[in-house]
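Would you mind keeping the following structure in view while I ask a few things?
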Amino acid sequence: MLISFLFDRILSKKETTNVQFSDRRCLRSRLNRFECRACLDECQTGALKLDGKAIAFNQEKCTDCMRCVSACPNDAFDGGLDLKHLLETLSCSSQVVLTCNKNAHFQQKLIVPCIGSLSEPLLAVMNSMAVDSFLVDLSHCPDCINNHCLNSFNEKMNRLAETLKDNGGIPLKYSIEKNSAQPVDKNLGRRSYLGMAKNSLINLGRESICAEQTATKSSHIHIEKRPAINSMALHYAYRNSQEINKRLLLSFFYTVTVTEQCSLCPGCQGMCPTGALKRRKINNQKRLLFTSSACNGCNLCQEFCTKAAIKVVRGFTGDPEGALPIY
Ligand code: SF4
Ligand code: SF4
C-alpha cells in the first residue's frame, strides 16, 4: 500500500513545480487589510497558507493543479500556460484535442499543464474564439493526483452552460471526452479522431494564414493579462458578429457604480491595480472614469472606499471599448 502510494507520488509529481508565485502581484500580501482568499479556497494540498496576513506558497506541497492560477484576479500565479498558443490554435485549427501532458499522443493535441488552469472566463474566451468544436480529454484525470480538478472543471462548465442558456441557448463547442458528467457537443466524439489525419493537411494551410492574422490581432495586447484576453475575445466576437459570444463574454466583464457619497478623492484610482479607474477633468469638471475592459474584478476599490460609495458588480452591458463616465 505504502509502496504503491510512493510510486503514485513519484510518477505524478515532478521535483519542482511549474507554479510560480509573485507576492508583488498578490493584492492580499501587498495590502494588509485586504482579505482575498481566492487562491486559498482553491488549493487542496496545503501549498498555500496564510503567513500573518500575507500568502505563503510552499512549492514542496504544490502538485501543479494550477487552480490558484485560474483563481487569482491579479495574475499572482504563473503556471506556464501558453495562452497565446492556446488561443491561436483554437482560432485556426479544427478538431483540436485539449489534454494535459499525461495523454499527449493525439495528432491535433493542445497541451495545457492541467485542466485546473482553465478558469471560467478563459473557457468562455476559448469557446468564443474556437473555429470549431474541440475535445477536452479527461481520460487521465480520475487517476491523477489532481483528480479534484475534474469536479471544479465540471462545475465551471455547468455554470458556463447556464450562462449560455440565459443568453440564447447556443451549445458550447466543447465535447468532453470520457468521465464527464456533461458531454456537451455530441457531434464530435472518438470517431472524429480518424478524420484528424485527413484534416491535419487542410489545417496546415489554414494555420499558416491564421498565424499571420492572430499575430497582428494580438500584437498590441498584453495577452497574459486576463482582462486583456477577455477584451481580445470580445473584439473577435464583434468582428465576427457573434451575438451569443458577445453576451457570454460581457458577463465576465465588470461594472463599477458610485453613489452621491463619492467625493472624487483619489483613493480608488490609487488602489486600482489595473488602471481601470481614473479621475479626469472633462469640460472643467472632475469625473471618475471607469474602463470595464481593464477591470479584473478584484474589488479593491469597493473594499477601500472610505465613503462606501463604490460598488463592483460582474457583468457589463455598455460599450466595453470606451472609458465610461460613471459620475
Ligand atoms: S488570489 Fe491572488 S490576490 Fe488573492 S490572495 Fe491569492 S495571490 Fe493574493
Ligand atoms: S476598478 Fe475596482 S474591481 Fe476593477 S480592477 Fe480596479 S480596483 Fe479592482
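Can you pull out the residues in the range 35-86 that are more than 8 Å from ligand 1 (Cβ to nearest atom) and among the aromatic types (Phe, Trp, Tyr)?
PHE57
Taking the range 1-29, which residues are modelled with pLDDT of 90 or more and not polar (S, T, N, Q)?
VAL19, PHE21, ASP23, ARG24, ARG25, CYS26, LEU27, ARG28 - these are the residues of the range 1-29 that are modelled with pLDDT of 90 or more and not polar (S, T, N, Q).
Can you pull out the residues in the range 295-309 that are away from ligand 1 (no atom under 15 Å from the Cβ) and among the charged types (D, E, K, R)?
Within the range 295-309, LYS307 is the sole residue that qualifies.
If we keep just the residues of the range 53-78 that are among the small types (Gly, Ala, Ser) and either more than 12 Å from ILE115 (Cα to Cα) or in contact with a Phe, Trp or Tyr (Cβ under 6 Å, 6 or more places away or on another chain) (or both), which is farthest from ligand 2 (Cβ to nearest atom)?
Within the range 53-78, the match that is farthest from ligand 2 (Cβ to nearest atom) is ALA56.
Check every one of the helices (runs of 4 or more DSSP H) wholly within the range 19-93 and list those with 3 or more residues that are more than 18 Å from the chain's Cα centre (by Cα).
Here the list reads 27-30.
In the range 249-278, what residues are within 16 Å of ligand 1 (Cβ to nearest atom) and assigned to a loop (DSSP other than H, G, I, E, B)?
Across the range 249-278, the qualifying residues are CYS272, PRO273, THR274, ALA276.
Which residues, counting only those in the range 279-306, are of a type outside the set (S, T, N, Q) and either within 11 Å of ligand 2 (Cβ to nearest atom) or not in a strand (DSSP E or B) (or both)?
LEU288, LEU289, PHE290, ALA294, CYS295, GLY297, CYS298, LEU300, CYS301, GLU303, PHE304, CYS305
Output the residues belonging to the range 26-78 that are surrounded by fewer than 21 Cβ atoms within 10 Å (Cβ to Cβ) and among the aromatic types (Phe, Trp, Tyr).
PHE34
The values are calculated or read from the model by the stated rules, or taken from the named source; none is laboratory data. A quick note: this is a predicted structure, and the numbers were derived from the prediction, not measured. Neighbour counts are summed over all protein chains in view; Cβ atoms, including those assigned to glycine, are modelled from backbone coordinates with ideal geometry.
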